[in-house]
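Undergrad: Just passing along the structure, written as structure tokens.
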Amino acid sequence: MLAGYLLDQQNKEWKSLLEQGITPLDMLLSDVPAVYQTADETSKQIIKEKVNKENALLAPVIERFIKDYHTAGITKIFIDDSNIGSFRMEQGVYRTDKIPHDLLVGFYLHKSWSGSSIEFNNIVAIDIEASPLYGNRGGYLILYPGEPPENNNGRLILKTPAISLNIPYPANPDATGLININPL
């Protein structure tokens, strides 16, 4: 509407062109030459340096995670996302052909419910879309080095700087080392 108003102010005939399918904005801008912007080499170099620096910092973290993911004896903890709420990432989402899911780097999640809690601080996690491997549910897969601790009065309690769990001990821990957590 504004373009039509401006064309009226310029005493230009535009309504007959509108019937031909030409928009008032196209008519208004028809006499304005296009401006082509060239890439700023300085900006390109700054961005390239920042990307390379970030990749150099994250590559070893991601490669170690991939190695651990494929190592026997690593406990995999799956947290169903149906009741998680929010989480945050500080370093982004990455994809690799070595794991069929997105990697969340710098992942933080805190959740407490009826006497239980989970907390993950600045770790790599896998974002699982609904997958048959996880009961067609979505969620997050976390790696814990080694075997989970023994049953502690009916509780699974883990405490590291990055992972903290205090949940009911799984009744039947998966033989593959997968622990399913479905917070309520």
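The values are calculated or read from the model by the stated rules, or taken from the named source; none is laboratory data. Every value quoted in this text rests on a predicted model; they were computed, and no experiment measured them. No Cβ is skipped: glycine too gets one built from the backbone with ideal geometry, and neighbour counts run over all protein chains shown. With ligands, DNA and RNA removed, areas are computed over all heavy atoms of the protein, side chains included. Shrake-Rupley method; radii C 1.70, N 1.55, O 1.52, S 1.80 Å.
Undergrad: Could you tell me the accessible area of residue 68 in Å² (1.4 Å probe, neighbours in place), rounded to the nearest ten?
TA: Here the residue's solvent-accessible area equals roughly 50 Å².
Undergrad: Sticking with this structure for a sec: If the cut-off is 24 Å between C-alpha atoms, which lysines fall inside it for residue 111, apart from same-chain ones fewer than 8 positions away?
TA: Those lysines meeting the cut-off are 76, 159.
Undergrad: Identify which of 91, 37, 20 has the largest mean-square fluctuation in a Gaussian network model of the chain, with springs joining Cα atoms closer than 10 Å.
TA: Result for the chain, Cα springs under 10 Å: 20 fluctuates most.
Undergrad: Full extension from residue 96 to residue 8: what is 0.36 nm times the residue separation minus their Cα-Cα distance, to one decimal in nm?
TA: Between residue 96 and residue 8, full extension yields 26.0 nm more.
Undergrad: Now a separate question. Residue farthest toward the positive end of the dipole of the chain, with Cβ of Lys/Arg at +1 and Asp/Glu at -1: which of 92, 126, 145?
TA: It is 145.
Undergrad: Net charge around residue 24, counting only other residues with Cβ within less than 14 Å of its Cβ (Lys, Arg = +1; Asp, Glu = -1)?
TA: -3
Undergrad: In addition: Give me the net charge of residue 69's neighbourhood, meaning all other residues with Cβ under 12 Å from the Cβ of residue 69; Lys, Arg count +1, Asp, Glu -1.
TA: It works out to a net charge of +2.
Undergrad: What whole-number distance in Å separates the alpha-carbon centres of region 138-166 and region 59-111?
TA: 15
Undergrad: Using only the alpha-carbon atoms, how far is helix 41-69 inclined from the longest principal axis of the chain? Give it as 0 to 90 degrees, nearest 10.
TA: Between helix and principal axis, roughly 20 degrees.
Undergrad: Let me check something: with ligands and nucleic acids excluded, how do 75, 38 order by accessible area (1.4 Å probe), largest to smallest?
TA: 38, 75
Undergrad: While we're here: For residue 108, tell me the accessible area in Å² from a 1.4 Å probe, rounded to the nearest 10.
TA: About 40 Å², rounded to the nearest 10.
Undergrad: Taking loop as defined by DSSP and a crowding limit of 16 other beta carbons within 10 Å, which chymotrypsin sites (Phe, Trp or Tyr not before Pro) in region 1-60 fit?
TA: Those that pass, being in a loop and sparsely packed, are 36.
Undergrad: Only one of the values (1) 1.17; (2) 1.30; (3) 0.95 was calculated from this structure for Rg/Rh (Cα atoms, Kirkwood Rh); name its label.
TA: Only one option fits the structure, namely (2).
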